[in-house]
1. Please work out which one of (1) more than 22 Å from residue 153 (Cα to Cα); (2) modelled with pLDDT of 95 or more is the condition residue 62 fails and give its number.
2. Only residues that are touching a helix residue (DSSP H, G or I) at 6+ places or on another chain (Cβ under 6 Å) and surrounded by fewer than 12 Cβ atoms within 10 Å (Cβ to Cβ): list them for segment 3-61, please.
3. Hey, any hits in segment 120-135 for a residue that's within 17 Å of residue 14 (Cβ to Cβ), free of Cβ contacts under 8 Å to residues at least 60 places away in the same chain and surrounded by fewer than 19 Cβ atoms within 10 Å (Cβ to Cβ)?
4. For segment 5-89, list the helices (runs of 4 or more DSSP H) that sit wholly inside it and hold at least 1 residues that are farther than 14 Å from residue 161 by Cα and touching a residue at least 40 places away in the same chain (Cβ under 8 Å); which are they?
């Protein structure tokens, strides 16, 4: 495992070798998301996290269990599960208009959480400590989920991201080596 000191809870997605593959899947994922019936989305199930507003999800993988019907509706996600080093918690997270997910810690410092933003308009961001990053449609965000973090969507539109976990060492072991030219 590569040792690298990181001064931020957010990691550089441009340095991770799998980011281009994830970005290449954006239009397929967006099309599948737009075609998925909204009534089949489920409400978040984490009772320890306080939410103001709507927080829905479309689950593909949780605790080693595949949600087969959702993977059939999202063949692009199934390909990503097969190709990327996803080891758990693969889902689409949908935050409703003007919603807030209150500060909460993630479950483990052994993994990083990866987001590919499928849809956002205006100010929708995550805050970890004093650091804040906005989602941008078609862009990847990687962060340390075990730190206390909160989510704000301050606009009257939904924010949707493909979310999954990777092992911390996967990020560091798969950094793109850039030469100094």
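The values are calculated or read from the model by the stated rules, or taken from the named source; none is laboratory data. Bear in mind that the values here come from a model prediction, so they are computed numbers and not experimental data. Neighbour counts are summed over all protein chains in view; Cβ atoms, including those assigned to glycine, are modelled from backbone coordinates with ideal geometry.
1. So residue 62 meets the others, but not (2).
2. Correct list: 4 only.
3. Yes, the conditions are met somewhere in segment 120-135.
4. Ranges flagged: 19-24, 68-73, 75-83.
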